[in-house]
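Notes to accompany the following structure.
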Amino acid sequence: MNIKMQAMAKGYIRWTFVVFMIILVLLELFPLLWLFDFSLLKSGDFYGSQILKWPNPPKWKNYIDAYHNAHIPKLFMNSIIVSAVSIFAIIGCSVAMGYAVVRMEWRFRKVAFTLLMAGMIIPIYSTLLPTFSLFNEVGLLNSYAALILPYAAFQIPISMYIITAFLETIPRALEEAAVMDGASVPGLIFRIILPVLKPAIATIAVLAFLSCWNEFIMAVTYIDTDRLRTLPFAVVYFMGQYSSNYGAQFAVLAMISIPSIVMYLLFTDQINRGITAGAVKG
(Lines give C-alpha, C1' and ligand atoms only; values in the text may rest on other atoms or scores of the structure.)
Protein backbone atom coordinates (compact mmCIF):
# COMPACT_ATOMS: atom_id res chain seq x y z
CA MET A 1 0.00 0.00 0.00
CA ASN A 2 2.83 2.36 0.91
CA ILE A 3 4.57 1.63 -2.42
CA LYS A 4 1.36 2.41 -4.30
CA MET A 5 0.89 5.68 -2.40
CA GLN A 6 4.51 6.67 -3.08
CA ALA A 7 4.04 5.97 -6.79
CA MET A 8 0.85 8.09 -6.81
CA ALA A 9 2.64 10.89 -4.97
CA LYS A 10 5.50 10.83 -7.51
CA GLY A 11 2.94 10.91 -10.32
CA TYR A 12 1.22 13.96 -8.82
CA ILE A 13 4.56 15.71 -8.35
CA ARG A 14 5.56 14.94 -11.94
CA TRP A 15 2.29 16.24 -13.37
CA THR A 16 2.43 19.33 -11.13
CA PHE A 17 5.92 20.03 -12.46
CA VAL A 18 4.76 19.55 -16.07
CA VAL A 19 1.79 21.90 -15.59
CA PHE A 20 4.03 24.47 -13.91
CA MET A 21 6.53 24.33 -16.79
CA ILE A 22 3.75 24.69 -19.38
CA ILE A 23 2.43 27.78 -17.58
CA LEU A 24 5.97 29.17 -17.38
CA VAL A 25 6.54 28.62 -21.11
CA LEU A 26 3.23 30.31 -21.96
CA LEU A 27 4.14 33.30 -19.79
CA GLU A 28 7.53 33.52 -21.52
CA LEU A 29 6.00 33.29 -25.00
CA PHE A 30 3.14 35.72 -24.33
CA PRO A 31 5.14 38.93 -25.07
CA LEU A 32 6.12 37.52 -28.48
CA LEU A 33 2.55 36.44 -29.20
CA TRP A 34 1.31 39.88 -28.16
CA LEU A 35 3.92 41.58 -30.35
CA PHE A 36 3.09 39.62 -33.52
CA ASP A 37 -0.64 39.91 -32.83
CA PHE A 38 -0.53 43.71 -32.59
CA SER A 39 1.71 43.94 -35.66
CA LEU A 40 -1.21 42.66 -37.76
CA LEU A 41 -3.88 45.02 -36.41
CA LYS A 42 -5.26 48.18 -37.95
CA SER A 43 -4.46 51.38 -36.07
CA GLY A 44 -8.09 51.75 -35.01
CA ASP A 45 -8.10 48.29 -33.40
CA PHE A 46 -5.60 49.23 -30.71
CA TYR A 47 -8.12 50.97 -28.52
CA GLY A 48 -10.03 48.79 -26.09
CA SER A 49 -9.65 46.65 -22.98
CA GLN A 50 -8.69 43.38 -24.69
CA ILE A 51 -5.12 42.19 -24.21
CA LEU A 52 -5.14 40.20 -27.45
CA LYS A 53 -7.27 40.83 -30.52
CA TRP A 54 -7.72 38.49 -33.46
CA PRO A 55 -6.71 40.39 -36.63
CA ASN A 56 -9.74 40.34 -38.90
CA PRO A 57 -8.37 40.42 -41.50
CA PRO A 58 -4.60 40.46 -40.78
CA LYS A 59 -3.10 43.68 -42.06
CA TRP A 60 0.13 42.48 -43.70
CA LYS A 61 0.55 45.97 -45.15
CA ASN A 62 1.98 46.97 -41.76
CA TYR A 63 5.12 45.01 -42.61
CA ILE A 64 5.31 46.62 -46.05
CA ASP A 65 5.01 50.10 -44.51
CA ALA A 66 7.61 49.21 -41.89
CA TYR A 67 9.99 47.86 -44.51
CA HIS A 68 9.87 51.02 -46.61
CA ASN A 69 9.28 53.84 -44.12
CA ALA A 70 11.81 52.61 -41.55
CA HIS A 71 14.58 52.03 -44.13
CA ILE A 72 14.89 48.41 -43.03
CA PRO A 73 17.38 47.20 -45.72
CA LYS A 74 19.96 49.89 -44.94
CA LEU A 75 19.61 49.55 -41.16
CA PHE A 76 19.66 45.76 -41.41
CA MET A 77 22.94 45.82 -43.34
CA ASN A 78 24.52 48.19 -40.79
CA SER A 79 23.47 45.89 -37.96
CA ILE A 80 24.91 42.88 -39.80
CA ILE A 81 28.27 44.64 -40.28
CA VAL A 82 28.51 45.84 -36.68
CA SER A 83 27.38 42.51 -35.21
CA ALA A 84 29.61 40.37 -37.46
CA VAL A 85 32.79 42.37 -36.83
CA SER A 86 32.03 42.56 -33.09
CA ILE A 87 31.47 38.79 -32.89
CA PHE A 88 34.75 38.02 -34.71
CA ALA A 89 36.64 40.40 -32.42
CA ILE A 90 35.02 38.92 -29.31
CA ILE A 91 35.75 35.33 -30.36
CA GLY A 92 39.34 36.07 -31.35
CA CYS A 93 40.20 37.98 -28.17
CA SER A 94 38.35 35.58 -25.86
CA VAL A 95 39.96 32.44 -27.28
CA ALA A 96 43.46 33.95 -27.34
CA MET A 97 43.28 35.39 -23.82
CA GLY A 98 41.46 32.36 -22.43
CA TYR A 99 44.13 30.01 -23.75
CA ALA A 100 46.89 32.26 -22.39
CA VAL A 101 45.32 32.28 -18.94
CA VAL A 102 44.45 28.57 -18.69
CA ARG A 103 47.33 26.89 -20.51
CA MET A 104 50.31 29.26 -20.23
CA GLU A 105 52.38 30.15 -17.17
CA TRP A 106 53.40 33.80 -16.82
CA ARG A 107 53.67 36.43 -14.11
CA PHE A 108 50.53 38.24 -13.01
CA ARG A 109 48.39 35.69 -14.87
CA LYS A 110 45.83 35.49 -12.07
CA VAL A 111 45.85 39.25 -11.58
CA ALA A 112 45.19 39.84 -15.26
CA PHE A 113 42.38 37.29 -15.26
CA THR A 114 40.80 38.90 -12.18
CA LEU A 115 40.92 42.34 -13.75
CA LEU A 116 39.33 41.02 -16.94
CA MET A 117 36.57 39.31 -14.99
CA ALA A 118 35.95 42.54 -13.09
CA GLY A 119 34.65 43.92 -16.37
CA MET A 120 31.49 41.85 -15.88
CA ILE A 121 30.42 43.98 -12.89
CA ILE A 122 30.80 47.33 -14.67
CA PRO A 123 27.40 48.60 -15.90
CA ILE A 124 27.70 49.10 -19.63
CA TYR A 125 25.99 52.48 -19.68
CA SER A 126 28.06 53.90 -16.81
CA THR A 127 30.80 54.51 -19.40
CA LEU A 128 28.51 56.17 -21.92
CA LEU A 129 29.58 59.79 -21.40
CA PRO A 130 33.33 59.13 -20.84
CA THR A 131 33.42 56.97 -23.96
CA PHE A 132 31.54 59.63 -25.92
CA SER A 133 34.12 62.25 -24.90
CA LEU A 134 36.98 59.93 -25.79
CA PHE A 135 35.52 59.02 -29.20
CA ASN A 136 34.86 62.70 -29.86
CA GLU A 137 38.52 63.54 -29.14
CA VAL A 138 39.94 60.82 -31.40
CA GLY A 139 37.34 61.24 -34.15
CA LEU A 140 35.57 57.89 -33.85
CA LEU A 141 32.04 59.23 -33.55
CA ASN A 142 29.76 58.39 -36.48
CA SER A 143 31.74 55.33 -37.47
CA TYR A 144 31.29 51.58 -37.17
CA ALA A 145 34.21 51.51 -34.72
CA ALA A 146 32.23 53.66 -32.29
CA LEU A 147 29.87 50.71 -31.81
CA ILE A 148 32.18 47.76 -32.42
CA LEU A 149 34.79 48.75 -29.81
CA PRO A 150 32.43 49.12 -26.80
CA TYR A 151 30.30 46.16 -27.86
CA ALA A 152 33.37 43.92 -27.98
CA ALA A 153 34.91 45.36 -24.82
CA PHE A 154 31.88 44.69 -22.66
CA GLN A 155 31.20 41.24 -24.11
CA ILE A 156 34.78 39.91 -23.85
CA PRO A 157 34.77 39.29 -20.03
CA ILE A 158 31.74 36.95 -20.02
CA SER A 159 32.93 35.33 -23.27
CA MET A 160 36.37 34.73 -21.81
CA TYR A 161 34.79 33.25 -18.68
CA ILE A 162 32.89 30.72 -20.83
CA ILE A 163 36.03 29.89 -22.84
CA THR A 164 38.20 29.34 -19.76
CA ALA A 165 35.56 27.11 -18.16
CA PHE A 166 35.41 25.01 -21.34
CA LEU A 167 39.21 24.85 -21.67
CA GLU A 168 39.44 23.40 -18.17
CA THR A 169 37.49 20.36 -19.38
CA ILE A 170 39.87 19.64 -22.28
CA PRO A 171 42.57 17.07 -21.42
CA ARG A 172 46.09 18.45 -21.71
CA ALA A 173 47.13 15.15 -23.30
CA LEU A 174 45.64 16.33 -26.61
CA GLU A 175 47.94 19.33 -26.71
CA GLU A 176 50.94 17.39 -25.46
CA ALA A 177 50.50 14.88 -28.27
CA ALA A 178 50.27 17.69 -30.82
CA VAL A 179 53.41 19.36 -29.45
CA MET A 180 55.30 16.07 -29.66
CA ASP A 181 54.26 15.93 -33.34
CA GLY A 182 55.86 19.35 -33.86
CA ALA A 183 52.81 21.63 -33.69
CA SER A 184 53.46 25.30 -32.95
CA VAL A 185 51.26 27.39 -30.64
CA PRO A 186 49.17 28.84 -33.54
CA GLY A 187 48.86 25.37 -35.09
CA LEU A 188 47.87 23.97 -31.71
CA ILE A 189 45.10 26.54 -31.34
CA PHE A 190 43.72 26.27 -34.90
CA ARG A 191 43.99 22.49 -35.31
CA ILE A 192 43.29 21.20 -31.80
CA ILE A 193 41.70 23.83 -29.57
CA LEU A 194 39.26 25.59 -31.91
CA PRO A 195 37.52 22.39 -33.15
CA VAL A 196 37.01 21.28 -29.54
CA LEU A 197 35.80 24.74 -28.52
CA LYS A 198 32.95 24.82 -31.07
CA PRO A 199 30.12 24.65 -28.46
CA ALA A 200 31.69 27.43 -26.38
CA ILE A 201 32.34 29.56 -29.47
CA ALA A 202 28.75 29.07 -30.62
CA THR A 203 27.57 30.15 -27.17
CA ILE A 204 29.56 33.37 -27.05
CA ALA A 205 28.70 34.11 -30.69
CA VAL A 206 24.95 33.89 -30.00
CA LEU A 207 25.20 35.88 -26.75
CA ALA A 208 27.29 38.53 -28.50
CA PHE A 209 24.84 38.66 -31.40
CA LEU A 210 21.86 39.17 -29.09
CA SER A 211 23.71 41.90 -27.20
CA CYS A 212 24.91 43.77 -30.29
CA TRP A 213 21.75 43.32 -32.36
CA ASN A 214 19.36 44.71 -29.76
CA GLU A 215 21.53 47.51 -28.34
CA PHE A 216 20.04 50.99 -28.79
CA ILE A 217 21.42 53.49 -26.26
CA MET A 218 25.01 53.45 -27.52
CA ALA A 219 23.85 53.38 -31.13
CA VAL A 220 21.76 56.52 -30.69
CA THR A 221 24.52 58.24 -28.68
CA TYR A 222 27.55 57.54 -30.86
CA ILE A 223 25.87 57.53 -34.29
CA ASP A 224 24.21 60.68 -35.60
CA THR A 225 23.97 59.92 -39.30
CA ASP A 226 21.32 57.89 -41.14
CA ARG A 227 24.05 56.20 -43.18
CA LEU A 228 25.38 54.23 -40.19
CA ARG A 229 22.36 53.72 -37.95
CA THR A 230 21.50 50.18 -36.89
CA LEU A 231 18.21 48.28 -36.91
CA PRO A 232 16.90 49.12 -33.41
CA PHE A 233 16.85 52.74 -34.56
CA ALA A 234 14.06 51.87 -37.03
CA VAL A 235 11.38 52.63 -34.42
CA VAL A 236 12.58 56.24 -34.22
CA TYR A 237 11.54 56.82 -37.83
CA PHE A 238 7.91 56.45 -36.72
CA MET A 239 8.08 59.32 -34.22
CA GLY A 240 7.18 61.90 -36.85
CA GLN A 241 4.51 61.72 -39.52
CA TYR A 242 4.03 57.96 -38.98
CA SER A 243 3.62 58.18 -35.18
CA SER A 244 -0.05 57.12 -35.35
CA ASN A 245 0.69 54.05 -37.46
CA TYR A 246 0.85 51.71 -34.47
CA GLY A 247 0.58 48.54 -36.52
CA ALA A 248 3.69 49.42 -38.52
CA GLN A 249 5.56 50.26 -35.31
CA PHE A 250 4.78 46.83 -33.92
CA ALA A 251 5.77 45.33 -37.26
CA VAL A 252 9.16 47.04 -36.97
CA LEU A 253 9.66 45.56 -33.51
CA ALA A 254 8.65 42.14 -34.80
CA MET A 255 11.12 42.37 -37.70
CA ILE A 256 13.90 43.39 -35.29
CA SER A 257 13.19 40.45 -32.98
CA ILE A 258 12.99 37.72 -35.67
CA PRO A 259 16.78 37.35 -36.26
CA SER A 260 17.42 37.03 -32.51
CA ILE A 261 14.73 34.36 -32.16
CA VAL A 262 16.06 32.41 -35.15
CA MET A 263 19.67 32.57 -33.88
CA TYR A 264 18.68 31.34 -30.43
CA LEU A 265 16.55 28.49 -31.78
CA LEU A 266 19.30 27.32 -34.16
CA PHE A 267 22.00 27.22 -31.49
CA THR A 268 20.08 26.21 -28.35
CA ASP A 269 21.98 22.93 -27.92
CA GLN A 270 25.37 24.59 -28.38
CA ILE A 271 24.45 27.32 -25.90
CA ASN A 272 23.48 24.77 -23.26
CA ARG A 273 26.68 22.78 -23.80
CA GLY A 274 28.85 25.86 -23.72
CA ILE A 275 27.32 27.36 -20.57
CA THR A 276 27.33 24.07 -18.61
CA ALA A 277 30.81 23.02 -19.77
CA GLY A 278 32.53 24.14 -16.59
CA ALA A 279 30.03 22.46 -14.26
CA VAL A 280 31.86 19.11 -14.35
CA LYS A 281 35.62 18.89 -14.67
CA GLY A 282 37.36 15.87 -16.12
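The values are calculated or read from the model by the stated rules, or taken from the named source; none is laboratory data. Predicted model only: the values in this text are computed from it and were never measured. Here Cβ is always computed from backbone atoms with ideal geometry, including for glycine, and neighbour counts include all displayed protein chains. Remember, those area values only see protein heavy atoms, side chains included, never the ligands or the DNA or RNA. Shrake-Rupley method; radii C 1.70, N 1.55, O 1.52, S 1.80 Å.
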Only Cα pairs within less than 10 Å get springs; with that Gaussian network setup on the chain, which residue of Ala118, Ala205, Ala89 has the largest fluctuation?
Ala118
Using a 1.4 angstrom probe on the protein heavy atoms only, line up Tyr63, Tyr161 by accessible area, largest first.
Tyr161, Tyr63
List the aspartates and glutamates whose alpha-carbon lies under 17 Å from that of Lys61, not counting same-chain residues fewer than 8 positions away?
Asp37, Asp45
Ignoring ligands and nucleic acids, what accessible area does Lys42 show with a 1.4 Å probe (Å², nearest 10)?
100 Å²
Where Lys198, Lys61 fall by accessible area, highest first, once all protein chains stay in place (1.4 Å):
Lys198, Lys61
Taking Cα extents along the principal axes in Å as the quantity of interest, determine which of (1) 80, 72, 33; (2) 79, 50, 34; (3) 120, 45, 38 was computed from the displayed structure.
(1)
Distance between the C-alpha centers of the stretch 130-149 and the stretch 246-270? Whole Å please.
28 Å
At a probe size of 1.4 Å, how large is the accessible area of Val18, to the nearest 10 Å²?
60 Å²
Less than 15 Å Cβ to Cβ from Met21, Lys/Arg counted +1 and Asp/Glu -1: what total charge do the surrounding residues give?
0
Report the one residue of Ala70, Thr114, Leu26 whose Cα lies farthest in the direction of the positive end of the charge dipole of the stretch 22-154 (charges on C-beta: Lys and Arg +1, Asp and Glu -1; origin at the Cα centre).
Thr114
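Quick one: grab the alpha carbon gyration tensor of the stretch 9-85, order the square roots of its eigenvalues as a ≥ b ≥ c, and give me rounded if a/c is under 1.5, else prolate or oblate depending on whether a/b is larger than b/c. Provide the component values of the computation, followed by the final result.
Values: a/c = 4.51, a/b = 1.56, b/c = 2.89.
Because a/c hits 1.5 or more and a/b fails to exceed b/c, the stretch 9-85 counts as oblate.
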In the chain, carbon and sulfur make up what percent of the accessible area (probe 1.4 Å)?
70 percent
Could you rank Glu137, Glu215, Glu28 by how accessible they are, 1.4 Å probe, largest area first?
Glu137, Glu28, Glu215
Which of the aspartates and glutamates could a cross-linker span from Lys198 if the Cα-Cα distance has to be under 16 Å and same-chain partners fewer than 8 positions apart are dropped?
Glu168, Asp269
Take the chain, connect every pair of alpha-carbon atoms lying under 10 Å apart with a spring to form a Gaussian network, then pick out the residue of Gly182, Gly119, Gly247 with the largest mean-square fluctuation.
Gly182
What size of dipole, in debye to the nearest 20, comes out for the stretch 25-95 about its Cα centre when the only charges are +1 on Lys and Arg C-beta atoms and -1 on Asp and Glu C-beta atoms?
200 debye
Go through the stretch 124-132 residue by residue and turn each phi into a ³J(HN,Hα) via Karplus (6.51, -1.76, 1.60, θ = phi - 60°); whole Hz please, and just put x for glycine and proline.
4, 8, 6, 9, 4, 6, x, 5, 4
So what does Arg229 come to for accessible area, using a 1.4 Å probe and Å² rounded to 10?
40 Å²
Computed magnitude of the charge dipole of the chain (debye, nearest 20; Cβ of K, R +1, Cβ of D, E -1)
620 debye
Taking the Cα centre of the stretch 86-220 as origin and charging only Cβ (+1 Lys, Arg; -1 Asp, Glu), how large is the dipole, in debye to the nearest 20?
160 debye
Just the accessible area per residue of the stretch 69-116, please: how many Å² with a 1.4 Å probe?
54 Å²
Students often forget the sequence filter, so: which aspartates and glutamates lie under 14 Å Cα-Cα from Lys74 once same-chain residues fewer than 8 apart are removed?
Asp226
Computed [θ] at 222 nm, deg cm²/dmol, the chain (DSSP H ≥ 4; -39,500 (n - 2.57); rounded to nearest 500):
-22000 deg cm²/dmol
